[in-house]
Structures are given as structure tokens and as C-alpha cells.
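Down below is the structure, laid out as C-alpha cells.
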Amino acid sequence: MEHRASNQEPAAPRRVLVTGGAGFIGSHLVEHLVGLGHRVTVVDDLSTGHASNLDAVAGRVELIESDLEAAIPSLGKLPRFDRVFHLAATVGVDLVLTDPVRAIEINVGTTSALLAHLASHGKPPTLVASSSEVYGKPGASVFSEDDDTLYGPTTITRWSYAHAKALDEHLAMGYHHSRGLPTVSARFFNTVGPRQRGTYGMVVPRFVESALNGEPLRVFGDGHQSRCFGDVRDIVPALVRLLDSPACHGRVFNLGSDRPVTILELAETVIRTLDSRSTVRLIPYEDAYPSGFEDLRHRRPDLARVREAIGFSPGIGLEQTIRDIAADMRARPAAARGGNGGGA
Ligand SMILES: NC(=O)c1ccc[n+]([C@@H]2O[C@H](COP(=O)([O-])OP(=O)(O)OC[C@H]3O[C@@H](n4cnc5c(N)ncnc54)[C@H](O)[C@@H]3O)[C@@H](O)[C@H]2O)c1
């Protein structure tokens, strides 16, 4: 039985912690929270995030520049938080393949340490950022939260990210049921928008940057694999509503767009939308990922649960997102965005 939560935003200002708040999704969430009148503390080591992502809220947000695990003891000395959004993680195929040990340590060990801390410091409602990767390689083409999961062998490094995020969800469930910490796990499908960086393998900013430079758009495989791209500005208000609804605590939600686009269509849409002279170049997987990579053909969320729970309905179209990413890239050159080189 699903429960529909209230869409009303809270009236009273709250103290909110956003881990990874200088990152792509985190910085949009911080802006949204500040806009609602909340007092926000960010912990971010700026490994993939950038302080300039918080320029729009400069002076209105406390930024603790630190590795999250190292910062946890000092969080206990601050007034208690009313809400926590845990987004800090090693993100992106390239980083996970480059240093899988570090990725597992951060994505599991740090989450565990944070949840343990919060369970003994006021038990604030806490959202844990998960991923559609948790589905592994399912039989169905539309993914529902209670589906079984099937992962590839442990010799294929990319599956470590899926295992790590699945363990995060288990931790969130465990802390909710046995330690009284209200948690929500949000499984992000491909989330896109201004400030996302292509450096770590993210396809939309990578394509936009190439199109702006008039360079070929490098499509891996045959390009017929499909994804659903959700605009971050549709996603962040949903995160707040999920956590504000006690009926959502102790549960897992898909979050994203449910409109599939093949990567070839995406490349053509980017070129057309930006009126670019770029062409499309197909790159075999073995050339793109020599260390071994298994891609999924299709990945599409069933959004029934989140729709029912909070009335979620993504509204921003892909062309609009592409135009806004391009505008952000033009306004903030690569160095200001933290060295986005475009990637391969
Ligand atoms: N963008 C997507 O499509 C997508 C899809 C699935 C899941 N997610 C999840 O959403 C969350 C945010 O991802 P994003 O796309 O904004 O990526 P991002 O890399 O922009 O954000 C991650 C942030 O965490 C920070 N960080 C990393 N390790 C840290 C540590 N040890 N201590 C403190 N800060 C640390 C980084 O500097 C960065 O600012 C992540 O948990 C990610 O796994 C994102």
C-alpha cells in the first residue's frame, strides 16, 4: 500500500547537512534548500566537486572542505541536524575503474560511519544516494524497486560500484529498522544538467563539450543502448519531499526520467540542438574501456512508486537540459568548472 505525501514545503528553517554538496547534484540541492530558507552545512573534499558550484549561495552556506569520514567527529560538535542528504561518493565509471579500492572504501565505509554517527546524534531523517546500477543486469527492461538483482563476476571491476551502492541501501534499511534512524534510499537514474562534468565519463556533458568544440561525438559500442536522462532540477525537490514524508522512510525509490533515448539519438539531439558541425564516431567498447567493461543495453525506471508517494513528475525536456548545460559551459570555462577536459 503506497502513501501519498504532502507536497507542502516546511515552514520552519531547518539545519540541513549535505555531504557531497559541492558536487553536481549536491550543489543544485543546496541551492534549493537555501531557497526554502534552510541553514545548510556542506561537507565535501572537492575531489570531483568544486567550490564554484556553490557561487550562487556563497556566504549563505557553511562549507567544510574535508574528507567526510575525517569530518564526522567534528560534526558531533555542531548543533544537531534536522535533515541529512548523503551524496558524497566516488562517482563515474572512469573513477571506479581507476581506483576501485578507494571507491569501495568511500562508498561503503564512509556511509557506514556517517549512519552510525547520525544514529547516535539525534536520528535526523537521512537520504542515502543510491543508483540504478544497483539493478545489475536485470531480465526486464523496466526496473522496479523490488526486482531481483543480478551482478556480473567480481573480476569485472565495474560491478563493485553496484555492490557498494546496494550495501549502502542495506545499511540504510538496517539503520532504519534496528537503530531507529529514519532513512530513504533514492536510486538515481542518469541525472543530468548544468555543472555536471564530462571528465569522469558522464555522457551528456561529454557530448555537449565536444559539440561546442566542433569535435566528433564519441559513441561507445553501436549506440543502440538506451538510457533515460532526468534533469537535476526536477530531481532535487523530490529528494526534499521524500525525506519530509514519514511514509517514505525505510523505503527505496527510483528517481529520474522514464523516457528512453538511445546514445546515438542523444548524440544527434545534442548536435541538432546546439546547431553544431560535429559528427558522430562509433568507438568499440574494447577501445573505450580496455580494462574490461560490461554495458547494459537498456535502463529505464518504473516511476509508479515515487509518483504515488510524492506526485513526482519530471517536466524538463532533454533539449532544454542540453541548451542549459551548453550555456553553463560557455559561461564558466573548463578551468572555472574544475578542469573539465571533456574526456573520451
Ligand atoms: N549523476 C548521476 O547520474 C547519478 C546516478 C546515480 C547515482 N548518483 C549518486 O548521486 C550522488 C551525487 O553524484 P553527482 O553526480 O552529483 O557526482 P559528483 O561527483 O558531482 O558529486 C559527488 C561529490 O562528493 C564529493 N566527495 C567524494 N568523495 C568524498 C569524500 N570522501 N568526502 C567528502 N566529499 C566527497 C565530491 O567532491 C563531489 O562534490 C552520488 O552518491 C552518486 O553515486 C548520481
Flag for SER257 being of a type outside the set (Phe, Trp, Tyr) and surrounded by fewer than 20 Cβ atoms within 10 Å (Cβ to Cβ): no
Checklist (1) at positive phi; (2) surrounded by fewer than 24 Cβ atoms within 10 Å (Cβ to Cβ) applied to GLY193, failing item: (2)
Any hit, region 143-161, residues being more than 26 Å from ASP287 (Cα to Cα), touching a residue at least 24 places away in the same chain (Cβ under 8 Å) and within 14 Å of the ligand (Cβ to nearest atom): yes
From the options ASP295, ASP302, residue that is touching a helix residue (DSSP H, G or I) at 6+ places or on another chain (Cβ under 9 Å), closer than 29 Å to TRP159 by Cα and either at pLDDT 95 or above or charged (D, E, K, R) (or both): ASP295
Qualifying residue in region 98-112 (condition: over 30 Å from ALA288 (Cα atoms), assigned by TED's automatic domain parsing to the domain that holds VAL34 and of a type in the set (Asp, Glu)): no
Extreme residue, modelled with the highest pLDDT, among residues of region 129-146 that are farther than 25 Å from VAL240 by Cα and assigned to a loop (DSSP other than H, G, I, E, B): LYS137
Strands (runs of 3 or more DSSP E) wholly inside region 1-120 that include at least 3 residues being under 29 Å from VAL134 (Cα atoms): 15-19, 39-44, 83-86
Exclusive hit being more than 10 Å from the ligand (Cβ to nearest atom) and not charged (D, E, K, R), set LEU87, LEU68, LEU118, LEU95: LEU118
Hits in region 152-189 (condition: under 25 Å from ILE235 (Cβ atoms) and in a loop (DSSP other than H, G, I, E, B)): ARG158, LEU181, PRO182, PHE189
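The values are calculated or read from the model by the stated rules, or taken from the named source; none is laboratory data. As the structure is a prediction and not an experimental result, all values here were calculated from the model. We place every Cβ from the backbone using ideal geometry, glycine too, and count neighbours over all the protein chains shown.
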